[in-house]
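Where a number appears in this text, it was derived from the coordinates with a stated rule and is not lab data. Keep in mind that what you see is a predicted model, and the values were worked out from it rather than measured. Cβ atoms come from the backbone with ideal geometry, glycine included; neighbour counts cover every protein chain shown.
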Amino acid sequence: MTEKQLELRIRAWLILFIVGLALSGITAFPIETELGFLVRHAGAFPATVANWITTVYNAVHDTNAKYPYLAYGTDWLAFGHLVIATTFIGPLKDPVRNIWVLQFGMIACVMVFPLAFIAGPIRGIPVYWRLIDCSFGFFGIIPLWVCYRDIRKLEKLQKVPVQQNTIG
């Protein structure tokens, strides 16, 4: 693969990742509306999932009615996703120099698993929902790993020395 082909491939995967991360953040803003939609279409889900969605919707609805300022927490969650997505602009511009951002992202993807399986039971999150949460880490690491591998190839083609502070 040529240097130009590698750069295009890296950028395509990074754009996919950035868009996915940004969309997952943006969807945290209208969470009550989205849950309401899912409740109206709960028949499309297995009963246990439909019951969980209804329970979560009721909790969010009641909380928003009584304590709307608590939704500010999910606003910050959304903001965090958007901020993290912007960090991947660096590798878009200069993948070799900013490979550390991908390492950071892959570490974050792995960290989803212990969070889901430690905090999940404490918060009463069903196992199947924790697995859905883990899918973000699982599917998120795939484009990052492809980019990481291709950046290493690009690095060799460019004959750029490996940064001293990188992992791996």
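Calculate, in nm to one decimal, what residue 55 and residue 24 gain on full extension: separation in residues at 0.36 nm each, minus their alpha carbon distance.
9.0 nm
Centre-to-centre, using Cα atoms only, the range 5-70 and the range 83-112 are separated by 23 Å. Taking 0.36 nm per residue of separation and subtracting the Cα-Cα distance, full extension of the segment from residue 72 to residue 11 would add 18.6 nm. Relative to the longest principal axis of the Cα atoms of the chain, the long axis of helix 99-122 lies at roughly 20 degrees.
Counting 0.36 nm for each residue step from residue 153 to residue 111 and taking away their Cα separation leaves a gain of 12.5 nm. Which of rounded, prolate or oblate describes the range 1-78 when judged by the alpha-carbon gyration tensor and an a/c cut-off of 1.5? Since a/c reaches 1.5 but b/c is at least a/b, the shape of the range 1-78 is classed as oblate. 3J(HN,Hα) along the range 141-155: 6, 4, x, 5, 5, 4, 5, 4, 4, 6, 5, 4, 5, 4, 4 Hz, from the Karplus curve 6.51 cos²θ - 1.76 cosθ + 1.60 with θ = phi - 60°, whole Hz, x for Gly and Pro. Think of each Lys and Arg Cβ as +1 and each Asp and Glu Cβ as -1; about the Cα centre, that makes the dipole of the range 3-158 roughly 440 debye. Taking 20 Å as the cut-off, the amide N atoms of the range 50-65 that come nearer than this to a point 7 Å along the Cα-to-beta-carbon line of residue 135 belong to 50-57.
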